[in-house]
Amino acid sequence: MGEPLPRSQPAGAPAIEAGLDDAGAVALLVGAVERASPSGGEAALARYLVERMRPWAERAVVDEVGNAVAWFGQGPRTVILLGHIDTAPGWWPVRREGNVLHGRGSVDAKGSLCAMITAASRLPAAVRDRLSLQVIAAVEEEVASSKGARHALQAYPRPDLVIVGEPSGWDALTLGYKGRLLARFETERPEGHGARDDATAAARAARAWQLAQAWASSRNPAGVGPFDAVQASLTALGSSSDGLRQRAHALIGFRLPPGLEPGVAEAELRARLAELTARPGTSLTLSGHERAHRDAGDGPAARALRVAIRSQGGRPRHLLKTGTSDMNVIAPVWGVPIVAYGPGDAGLDHAPDERLDVAEYLKAVNVLERALTTLAG
């Protein structure tokens, strides 16, 4: 654990302002969604969030890799709220229809992050005396680099617990995410007459996908559920020719269950595709090695969130997701209790009609505020 962060306000400075009310919370969210922030282009949003957090934080900065980071309180229990500010590609004008906000990133995951910031702004002095709360709005979660989360592991002290900002629905918390492995198959060969019976470059890429599917199926016993199965998805398949050489590629994503190490999966996949990769001009590149993680759900963050959900009239649900998040990056290194929470329907992640119900967002703010108060004892 690191030493408590000194307050940036000098002695005799005015007290920290009262936290965001509901109107201010919605304005924060709208401002965040209005600022496009695809992976690698998060700078404007990071500056906006830092300026918005400064009235309530002891300190707020854009760090070395572009994360927006703020510290609230100086208590003995250390908590990190980790969200992300980058979004999937695609943009359309932000609009509000009644109580629904439409826009890229509204669900994944600016709603979760803004709920965390709003809850932090509302913490009274008694809670700040018991919690050292750090909000990290991380960059590049939507790409394999996870640049912001990996920097946090190196730059900031290990906390007592972590809450990751990802959509779960206001009355649910996510205990686990599957692991990940990304494969890029590339091949090229001399152009030849179509009557020849040896495989074209395109046929080789298609064969790579077939072999990858077969490997995933071989890993799944009958009746296994989605969270415990290897899942394969073909994300790109293409070919071209300049009249002299044919080229083709296949991009394949794998979701890995608990117990299957990415290194083991890579070795098995390379063996399965060896008949293709042995040919001249062919390569198989693996990246995005992430382990699956599943929290037991009996730690202080999970308990506090369940209490808070009940206080708002909900019946807490536990989720296991087949995707990945920065939880996969943080959990194996820090080894502390970690769950994910946030408003919104995760089924709208990356969708062209991504949208968030504002009433649910405000309810999630209340849940987080109550949970942090519970964690402060």
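The values are calculated or read from the model by the stated rules, or taken from the named source; none is laboratory data. Bear in mind the structure is a predicted one, so any value in this text is a computation, not a measurement. We place every Cβ from the backbone using ideal geometry, glycine too, and count neighbours over all the protein chains shown.
So the values come out like this:
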quantity: 1 or more residues in contact with a strand residue (DSSP E or B) (Cβ under 9 Å, 6 or more places away or on another chain), charged (D, E, K, R) and modelled with pLDDT of 95 or more: qualifying strands (runs of 3 or more DSSP E) within the range 154-193; calculated: 179-190
quantity: Residue among LEU101, LEU113 that alone is farther than 22 Å from ASP326 by Cβ, touching a helix residue (DSSP H, G or I) at 6+ places or on another chain (Cβ under 8 Å), in the same structural domain as ALA149 (by TED's automatic domain parsing) and buried (at least 18 other Cβ atoms within 10 Å of the Cβ); calculated: LEU101
quantity: Candidate set from the range 243-274 (those that are over 25 Å from the mean Cα position of the chain (by Cα) and free of Cβ contacts under 8 Å to residues at least 40 places away in the same chain); member that is nearest to PRO337 (Cα to Cα); calculated: ALA267
quantity: Qualifying residue in the range 57-69 (condition: outside any helix (DSSP H, G or I), under 12 Å from SER121 (Cβ atoms) and at pLDDT 95 or above); calculated: yes
quantity: Meets criteria (in contact with a strand residue (DSSP E or B) (Cβ under 7 Å, 6 or more places away or on another chain), touching a residue at least 12 places away in the same chain (Cβ under 8 Å) and of a type outside the set (A, V, I, L, M, F, W, C)) for GLY105; calculated: yes
quantity: Tally, over the range 155-184, of residues that are more than 16 Å from the chain's Cα centre (by Cα) and farther than 30 Å from ARG270 by Cβ; calculated: 10
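Each row is one residue, and each column tells you yes or no for (1) under 14 Å from the mean Cα position of the chain (by Cα); (2) of a type in the set (D, E, K, R).
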residue	(1), (2)
PRO300	no, no
ARG310	no, yes
PRO316	no, no
SER325	yes, no
VAL329	yes, no
GLU360	no, yes
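Yes/no matrix, rows are residues, columns are (1) surrounded by fewer than 23 Cβ atoms within 10 Å (Cβ to Cβ); (2) touching a Pro at 6+ places or on another chain (Cβ under 9 Å):
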{"position": "VAL26", "(1), (2)": "yes, no"}
{"position": "VAL30", "(1), (2)": "yes, no"}
{"position": "SER37", "(1), (2)": "no, no"}
{"position": "GLU42", "(1), (2)": "no, no"}
{"position": "GLU51", "(1), (2)": "yes, no"}
{"position": "ALA57", "(1), (2)": "no, no"}
{"position": "GLU64", "(1), (2)": "yes, no"}
{"position": "GLY75", "(1), (2)": "yes, yes"}
{"position": "ILE80", "(1), (2)": "no, yes"}
